[in-house]
């Protein structure tokens, strides 16, 4: 295999993988704080993509400027979702050690949202049109780099850094970390657990919104678009360590690299098998994942 | 009450229930439809649903099935989600719970294959509008009828087309690449491509199955780019057809011929999702809006006004399937499955709305396959009115005044 090809594949793998990582970031944050696996995360991504699509279609904004609207809309969406749907279940299950019902509720949300989108928008594949980023490539001799994916990579890095800063330096960030370490102790210190849950869920959903903005210029929007990303996110989060921010990014890049380099040695059908094989191996040998610790942050 | 009279009473009751059920069934014929209404093929499923509904509305408005006292057709849907397991359980449910008289579906060959076996076991007629895997009608089944061409006919015509284009334009085509979704349909096509390519003396430079749910097809496109084929043969579902076409364009990969196999490439949203990136590619179809048959234009106009998109070959098959069923019911004058089956087997439909198909008559051979189903090849191009699909092959049906763009211009 030519070195130049390898380089090309590595670049594409890192760029695409970082976008997977961005999707997984919201999932891992919600898990870290609420200890709930949000099965509806892919659907939130789908909702974000529709929001981004309509924002761009109606306002004519540059696809990335849509972030200004999509991020707050998704934050509010997630915040209210937690406030009205997840929280009542938490309250009802207050005395249960493992609030399993919450996980089932998120599965319900996933099905409701996907089918609602199917009902409202139909099964059509929508692509931005006009799309200023369509087909934009940076050419370095034989190597072609997709411009929108490069932007996606940059936005991922900025988002992760911003989230890190928020969690380390702000009062709310510290409250979130405290709650994720020990819910009861944090409550005793005067932190409102429900407020923290709402904010964390809101941020997780807002990150799905950011990922949606990144994906809309390169991807089609349709009701079940979240599902393949959702499945990938679970693998990434387990691989990187549940609740870990660097873990999510690194996990994403690893999956991206497997998908990108793998097909040089086999057909692309098999790369999927490798990804899931890796997932199983991690579960067997290092269930806490690459960066997973008993206590994060 | 003696035992005997109890038994008589029970029998009478049963007979009464049976009679009242058959009396009720006289007024309505239930057609169960297993279609992918959600999941990766939801958009084709929706078109199949639209086409069925339009046909059934027309049939019912025209007085229903006259030999059954004006019985109306009723459509009952089940969502297969493109999943064979779901397709099988839904078919069982339609037959056992909804007591449908006839089943149709399922678009995905992988779903149709086991679902038709269920219907055969229960002895319920199953009309397959379009699912192209050969073996669906090659298992000696008595109750399964297919309207679309089988995939061996599709692949055969794809290679005949390549040969005819070589001869017509004098362009050498030596190497081929196969890129296909890794389900039943794609792998079935690829196996036949391989045989045909070897017979025709092509060198196969890439044989690449990929998962339809892939979120990134750049790695596949890079493999095509490195293999530098003259001919790229594709079999794709909807979302991946769009993704692969856009990515090919991003990476400026321009084989001399890019030829699709219907499915995702024939989906009306394909052109809006790819726009200029799809220009000059070829696709094999059963039917195109420019087909020269009476009523075709009117039916398409009606469909477009109603549902906002053109009829596809697959939608036409679904539309025609309803007329085939109505025609068979008219002749069977009974809802007994065996009689409907015999009437279907004797079908020779030449007139009426079903005659919009590109061939002369719908007629099933002993295996249940429509022996007249034929195929055409179109090129996607812009003649000043936006991108459209233009029939180019067979040469006899080529749109008047159109010269195909061949080979594809380099980007």
So what is Rg over Rh here for region A:31-137, counting just Cα atoms and using Kirkwood for Rh? 1.07
Pairwise label distance in nanometres, residue A:288 with residue B:61, each label 7 Å out on the Cα-Cβ vector: 6.9 nm
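Let me have the relative contact order for region A:147-257, percent, based on Cα pairs under 8 Å that are six or more residues apart.
The value is 22 percent.
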With Cα atoms, 0 to 90° folded angle of helix B:218-227 axis to chain B main axis: 50 degrees
Per DSSP H run of n ≥ 4, the term is -39500 (n - 2.57); total these for the protein assembly as shown, divide by its residue number, and report the mean residue ellipticity at 222 nm rounded to 500 deg cm²/dmol. -18000 deg cm²/dmol
Given contacts defined as C-alpha pairs under 8 Å and at least six residues apart, what's the relative contact order of region A:3-226, whole-number percent? 45 percent
Can you give the Kirkwood hydrodynamic radius of region B:178-220 from its Cα pairs, in Å with one decimal? 11.1 Å
Can you compute the radius of gyration and Dmax for region B:155-302, using only the Cα atoms, both in Å? 15.5, 47
Inter-chain shielding of B:217-228 (mean C-beta neighbours from other protein chains, 10 Å cut-off): 5
Sorted from fewest to most neighbouring beta carbons within 10 Å, what does the list A:278, B:243, B:37 look like? A:278, B:37, B:243
What angle do you read, to the nearest 10 degrees and between 0 and 90, between the alpha-carbon axis of helix A:193-215 and the longest principal axis of chain A? 10 degrees
In cubic angstrom, how much convex hull volume per residue do the alpha carbon atoms of region A:213-297 span? 114 Å³
Return the ratio Rg/(2.2 N^0.38 Å) for chain B, where Rg is computed over Cα atoms only. 1.06
Kirkwood-based Rg over Rh for the protein assembly as shown (C-alpha set), two decimals? 1.02
Find the relative contact order for chain B and round it to a whole percent, using C-alpha pairs within less than 8 Å whose residues are 6+ positions apart. 16 percent
Value in Å of the Kirkwood radius, where region A:45-94 supplies the Cα pairs that are averaged: 12.1 Å
Any idea what angle helix A:3-34 forms with the longest principal axis of chain A, computed on alpha-carbon atoms, 0 to 90 degrees, nearest 10? 10 degrees
Can you check how the C-alpha radius of gyration of region A:3-226 compares to 2.2 N^0.38 Å, as a plain ratio? 1.09
Counting other C-beta atoms within 10 Å, which of B:265, A:62 has the fewest, and how do the rest follow? A:62, B:265
Which of the three applies to region B:49-118, rounded, prolate or oblate, going by the alpha-carbon gyration tensor with a ≥ b ≥ c and a/c under 1.5 meaning rounded? prolate
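Computed from the coordinates by the stated procedures, all read-outs in this text should not be read as laboratory data. No experiment lies behind these values; they were computed from the predicted model shown. All Cβ positions, glycine included, derive from the backbone under ideal geometry; neighbour counts span all protein chains shown.
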